[in-house]
1. Projected onto the charge dipole of the chain (+1 at Lys/Arg Cβ, -1 at Asp/Glu Cβ, origin at the Cα centre), which of Phe30, Leu114, Leu6 gives the Cα projection farthest towards the positive end?
2. Cut-off is 10 Å between beta-carbons; in what order do Tyr100, Tyr33, Tyr142 appear when sorted fewest neighbours first?
3. For the chain, restrict the atom set to alpha-carbon positions and state the Rg and Dmax in Å.
4. Under a plain spin-label model, where a point goes 7 Å from the Cα along Cα-to-Cβ, how far apart in nm are Val12 and Val97?
5. For Ser76 and Phe49, what is the calculated FRET efficiency with R₀ set at 41 Å and r taken between the beta-carbons, to the nearest 0.05?
6. Lysine pairs in the chain 8 or more apart or on different chains: how many have alpha carbons under 30 angstrom apart?
7. Hey, what number do you get for the chain at 222 nm if only DSSP H runs of n ≥ 4 count, each worth -39500 (n - 2.57), divided across all residues, to the nearest 500?
8. What's the exposure ranking of Phe139, Phe5, Phe110, going from fewest to most Cβ atoms within 10 Å?
Amino acid sequence: MTAKFLTQQEKVAAIEHVRPNQTGVENKTFKWYQVRELLFKDKETWPLFFIVLLAMIDNGAVSNFSSVIIKTFGYSDARTTIIQMPSGAVSIVCTFVATYLVGAIGNRSFMICLVCLPTVLGVGLLLGLNNQQKVGKLFGVYLLNAAPAVSDSYKGIPIHDTNIPYRCSP
């Protein structure tokens with residue numbers, strides 16, 4: 001252990017504190033069998049990879065191009081900026097609601113699917129409504145901003161499924 005701010009006795013106490021977790025202190029050896037296990041045997045790696053990939057593609061497009069989408073509805077630059085402001089509030093509210101529901105219900109996979117529904121509805125509104133229905137299309141843009149809530153729902157999956165006991169106190 002290289003924590004220079006700890007005394008030798010404090011270093012020993014810190015190591016003894018985490019010993020029951022069986023996680024070790026330091027290991028700089030790269031092990032290829034662990035990479036093979038991750039890629040070919042771990043059944044959660046690929047679903048999580050695709051959840052993140054697909055959710056963040058939508059999130060990146062919405063974050064970068066929502067002002068361009070709103071401007072195509074016929075609004076000026078200044079009005080587009082003002083109209084885009086509720087998008088952040090939608091992201092914040094959806095993230096809080098999704099996080100609360102994951103804790104209350106506990107089924108993360110179901111919640112990930114549920115959180116994706118507003119985004120799918122938003123895409124449907126943008127594609128299905130004609131150009132004269134600006135309010136509906138704008139509501140669709142707002143619903144697209146529910147996508148970042150997916151990231152908070154999937155982050156706890158690997159932590160939740162580990163078998164390492166967590167210790168808060170010595």
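Taken together, the values in this text are just the output of simple stated rules run on the coordinates, not laboratory data. Just so it is clear, the model here is predicted, and its values are computed rather than measured. When we count neighbours, we look across all protein chains shown, and the Cβ atoms used for this are built from the backbone with ideal geometry, even at glycine.
1. Phe30
2. Tyr33, Tyr100, Tyr142
3. Radius of gyration, then largest Cα-Cα span, for the chain: 22.6, 73 Å.
4. Rounded to a tenth, the inter-label distance reads 5.6 nm.
5. 0.50
6. Total qualifying Lys-Lys pairs in the chain comes to 14.
7. Computed ellipticity for the chain at 222 nm equals -21000 deg cm²/dmol.
8. Phe5, Phe110, Phe139
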